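Student: Sharing a structure below in structure tokens format, with a few things to ask.
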Amino acid sequence: MTDKLIRVDMTNQAVTVEPFPAEWKLLGGRALSGRILLDECDPTCDPLGPDNVFVLAPGALAGSAAPTSGRISVGAKSPLTKGIKEANSGGNPGQHLTKCGYRAIVVKGQPSNPDARFGLSVTADEVKLVPADDLKGMWNYALCESLASIYADSASFITIGPAGEQRLRGASVATTDQDNRHPARHAARGGLGAVMGSKGLKYVAVDPGKARARQPSNPKEFAQICKKYTRDYLDGPQIFKHGTSTTVKAAQILNTFPSKNRVEGQSAHAETLDGANIVANFERRGGGMHNCLTGCIVKCSNIVNDEDGNYKTSALEFETLTLLGANCDIGNLDDVADLDRLCDEVGVDTIETGAAIAVYMDAGKMEFGDAEGAKRILQEIADGTEVGKIIGNGAASVGEHTKHHRVPVCKGQAIPAWDPRTIKMVGVTYATSAMGADHTAGLVVNPGIPEDQLAIVSQESQIINAACDSTGFCQFVQPTLQDMADYYTHFFGEAVTKEDMAEQGWRVLEDEWEFNRRAGFTDADDVLPACMKEDAIGPGKAVFDVKPESIKQAKIRQGNRPELFAMKAVG
Ligand code: SF4
């Protein structure tokens with residue numbers, strides 16, 4: 001099957017399908033999204049205007065038999081950071097698109113009527129825009145139920161909730177998971193849901209029908225490495241087998257479980273919010289671990305039921321437990337699960353929204369620990385009230401409106417749970433990544449890295465994660481650059497080395513930095529906010545005190561050390 005590219009012109013509601021450029025053969029996911037944006041999007045454009053470019057790019061191996069490889073990248077100029085943005089998600093749409101032969105969807109323009117809504121219907125034989133005005137304002141779960149009644153059982157969906165339609169800067173893009181087609185997986189960061197909303201796109205439905213998996217160039221060798229890799233993984237420690245929620249205990253010990261708008265690095269709620277309780281509840285309430293996409297061998301995604309055994313949400317992750325829980329001083333697991341579900345329903349990032357509510361609380365606008373108040377805010381976001389808009393636009397927006405001094409953001413994006421004061425390496429990543437504060441850009445959970453090593457470790461972690469985000473592999477399956485090279489070699493039928501993969505990862509970072517440079521970013525933007533440098537946490541009174549000269553080194557290529565090739569995605 002020849003690879004294809006879908007182009008959608010929302011100004012004229014026109015769709016074209018063209019051959020996928022041969023020079024992009026080895027590009028997928030984040031690498032492909034970044035290249036398209038650098039080539040085709042004016043970095044100075046209004047992120048919510050017609051000139052922004054919205055990209056959906058499955059990883060290069062998506063749709064193949066490579067285990068845990070079907071993630072999809074969503075890319076655009078971010079309305080939150082004003083720089084380039086890539087956020088990737090599990091669920092099945094990435095695999096379904098590539099099984100139909102489509103390596104990417106590029107959406108440009110804007111309908112003249114801002115109230116118009118459209119759906120993009122994709123099968124192997126036909127791609128068309130369809131009217132979707134009747135779905136306007138729908139929350140994600142009801143929307144997907146409605147779509148399920150229209151489309152075949154084999155279809156998966158990419159959707160936005162009311163936050164995306166309102167173009168709020170904390171809005172996410174949801175994808176449906178493999179089991180029940182719940183819109184529980186999100187390309188959450190950077191307000192990409194607002195860009196999709198600005199294009200008038202309420203959903204993309206991808207129906208692969210009976211399309212089979214993408215076939216590798218070297219079938220025998222490819223099957224062998226899939227088998228070996230799966231066996232090695234299953235024989236290994238499987239550190240994410242209960243998901244990220246069980247990280248709470250370790251994060252508490254490391255003083256990176258932020259509490260009350262990050263004034264503390266530990267929370268009194270660490271025991272109740274520990275993901276081990278979610279696992280313990282499986283026996284009584286049902287639910288359990290599952291794979292969010294077909295072929296995932298990690299199965300890190302938890303299904304959380306309520307007291308009566310009814311489905312409540314999925315997946316309740318460490319970051320959500322931290323930002324919507326401890327950071328808002330909310331300690332009841334069921335409350336945080338409710339908030340997670342509400343965020344998925346309304347279509348907002350749990351990290352950004354949790355951080356925004358915490359700033360709002362810290363500014364004295366509501367009490368810390370007010371779980372019901374936090375739930376009301378989610379309803380206000382959906383309803384588009386003044387408060388809903390302020391909080392739905394993210395933590396920086398709350399800081400602006402309340403004039404509060406403590407606003408933990410970098411390049412306009414809220415800082416995730418992993419705290420740069422105690423895990424300084426991740427602070428270097430937050431400062432230097434074109435994405436702003438994003439732990440998935442490069443994280444090694446080691447508080448003991450000496451200052452003169454922080455930049456190189458951050459750089460190496462950013463390289464491997466950029467490469468991983470381009471393959472379609474989930475970071476939680478932790479491939480090395482050699483693993484990725486082996487898969488590429490036998491899938492694409494040309495020799496790819498680990499050095500080539502390192503180069504691809506570095507090129508991704510360079511493309512992203514170049515986009516931001518053209519958008520007006522300078523070294524002066526590569527900083528963490530004052531609160532991270534002044535508000536000390538933990539017994540060691542830790543602050544982020546890495547010198548600017550050290551931070552800068554992360555953007556200067558240091559060469560391939562043996563450590564880079566020993567590294568796995570998510571260190
Ligand atoms: S490891 Fe978790 S997040 Fe990654 S693909 Fe599997 S279930 Fe989804």
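Student: Quick check: anything in segment 526-549 in contact (Cβ under 8 Å) with a residue 60 or more places away in the chain, closer than 28 Å to GLU40 by Cβ and part of a helix (DSSP H, G or I)?
Tutor: No, segment 526-549 contains no residue that is in contact (Cβ under 8 Å) with a residue 60 or more places away in the chain, closer than 28 Å to GLU40 by Cβ and part of a helix (DSSP H, G or I).
Student: Now, a different point. Condition (residue is part of a loop (DSSP other than H, G, I, E, B), touching a residue at least 24 places away in the same chain (Cβ under 8 Å) and farther than 20 Å from ALA76 by Cα) applied to segment 387-397: is it met by at least one residue?
Tutor: Within segment 387-397 (the criterion being part of a loop (DSSP other than H, G, I, E, B), touching a residue at least 24 places away in the same chain (Cβ under 8 Å) and farther than 20 Å from ALA76 by Cα), the answer is no, since none of the residues qualifies.
Student: Next up: For segment 468-486, which residues satisfy the criterion of being within 16 Å of the ligand (Cβ to nearest atom) and either closer than 20 Å to ASN92 by Cβ or surrounded by fewer than 20 Cβ atoms within 10 Å (Cβ to Cβ) (or both)?
Tutor: Initially, segment 468-486 is screened for residues within 16 Å of the ligand (Cβ to nearest atom), giving 468-479, 483-484.
Once the filter is applied, which keeps residues that are within 16 Å of the ligand (Cβ to nearest atom) and either closer than 20 Å to ASN92 by Cβ or surrounded by fewer than 20 Cβ atoms within 10 Å (Cβ to Cβ) (or both), segment 468-486 yields CYS468, ASP469, SER470, THR471, GLY472, PHE473, CYS474, GLN475, PHE476, VAL477.
Student: Here is a further query. Any residue in segment 269-294 that is part of a loop (DSSP other than H, G, I, E, B) sitting within a Cβ distance under 9 Å of a residue that is of a type in the set (D, E, K, R) and more than 16 Å from the ligand (Cβ to nearest atom)? List the pairs, counting only those 6 or more apart or interchain.
Tutor: Within 9 Å, the pairs are HIS269/ASP329; ASP274/LYS249; GLY287/LYS312.
Student: Give the residue that is nearest to the ligand (Cβ to nearest atom), with candidates limited to residues of segment 295-330 that are in contact (Cβ under 8 Å) with a residue 60 or more places away in the chain and small (Gly, Ala, Ser).
Tutor: SER301
Student: If you take the residues in segment 87-116 that are part of a loop (DSSP other than H, G, I, E, B) and surrounded by 21 or more Cβ atoms within 10 Å (Cβ to Cβ), which one is farthest from the ligand (Cβ to nearest atom)? Can you show your working first?
Tutor: Looking only at segment 87-116, we keep the residues that are part of a loop (DSSP other than H, G, I, E, B), and these are 90-92, 100-101, 109-116.
With surrounded by 21 or more Cβ atoms within 10 Å (Cβ to Cβ) added as a condition, the list becomes 90-92, 100.
On the way: GLY90: 4, GLY91: 8, ASN92: 10, CYS100: 20 Å.
Taking the candidates together, the pick is CYS100.
Student: Taking the conditions exactly as written (free of Cβ contacts under 8 Å to residues at least 24 places away in the same chain and not in a helix (DSSP H, G or I)), does ALA495 satisfy them or not? First the steps, then the outcome.
Tutor: Numbers: free of Cβ contacts under 8 Å to residues at least 24 places away in the same chain: yes; not in a helix (DSSP H, G or I): yes.
For ALA495, the condition - free of Cβ contacts under 8 Å to residues at least 24 places away in the same chain and not in a helix (DSSP H, G or I) - is met.
Student: Quick check on my filter: what residues within segment 257-286 are buried (at least 23 other Cβ atoms within 10 Å of the Cβ) and within 16 Å of the ligand (Cβ to nearest atom)?
Tutor: ILE278
Student: With respect to ARG185, is the statement that it is closer than 16 Å to LYS77 by Cβ and within 16 Å of the ligand (Cβ to nearest atom) true? Working first, answer last.
Tutor: Numbers: closer than 16 Å to LYS77 by Cβ: no; within 16 Å of the ligand (Cβ to nearest atom): yes.
Judged against the criteria, ARG185 is not a match.
Student: Filter segment 9-25 down to the residues that are in contact with a Leu (Cβ under 6 Å, 6 or more places away or on another chain) and part of a loop (DSSP other than H, G, I, E, B) and list them by number.
Tutor: GLN13, PHE20
Student: So which of ALA76, ALA65 is in contact with a Lys or Arg (Cβ under 9 Å, 6 or more places away or on another chain), outside the structural domain of TRP506 (by TED's automatic domain parsing) and within 19 Å of SER433 (Cα to Cα)?
Tutor: The unique qualifying residue is ALA76.
Student: Condition first: aromatic (Phe, Trp, Tyr) and either within 16 Å of the ligand (Cβ to nearest atom) or surrounded by 24 or more Cβ atoms within 10 Å (Cβ to Cβ) (or both). Now tell me which residues in segment 22-76 satisfy that.
Tutor: To start, the set of residues in segment 22-76 that are aromatic (Phe, Trp, Tyr) comprises 24, 54.
Within segment 22-76, PHE54 is the sole residue that qualifies.
Student: Take segment 117-139 and flag every residue that is over 18 Å from GLN166 (Cα atoms), part of a loop (DSSP other than H, G, I, E, B) and touching a residue at least 60 places away in the same chain (Cβ under 8 Å).
Tutor: ALA124
Student: Counting only residues that are within 16 Å of the ligand (Cβ to nearest atom), of a type outside the set (S, T, N, Q) and more than 30 Å from PRO162 (Cα to Cα), which one in segment 233-256 is surrounded by the fewest Cβ atoms within 10 Å (Cβ to Cβ)? Explain how you work it out, then say what you get.
Tutor: Just the residues of segment 233-256 that are within 16 Å of the ligand (Cβ to nearest atom), to begin with: 233-234, 236-247.
Remaining after also requiring of a type outside the set (S, T, N, Q): 233-234, 236-237, 239-243.
If we keep only those that are more than 30 Å from PRO162 (Cα to Cα) too, we end up with 233-234, 236-237, 239-242.
Working: TYR233: 17, LEU234: 12, GLY236: 9, PRO237: 7, ILE239: 14, PHE240: 20, LYS241: 14, HIS242: 18.
Once the filter is applied, the top-ranked residue is PRO237.
The values are calculated or read from the model by the stated rules, or taken from the named source; none is laboratory data. This is a predicted model, so every value here is computed, not measured. Neighbour counts are summed over all protein chains in view; Cβ atoms, including those assigned to glycine, are modelled from backbone coordinates with ideal geometry.
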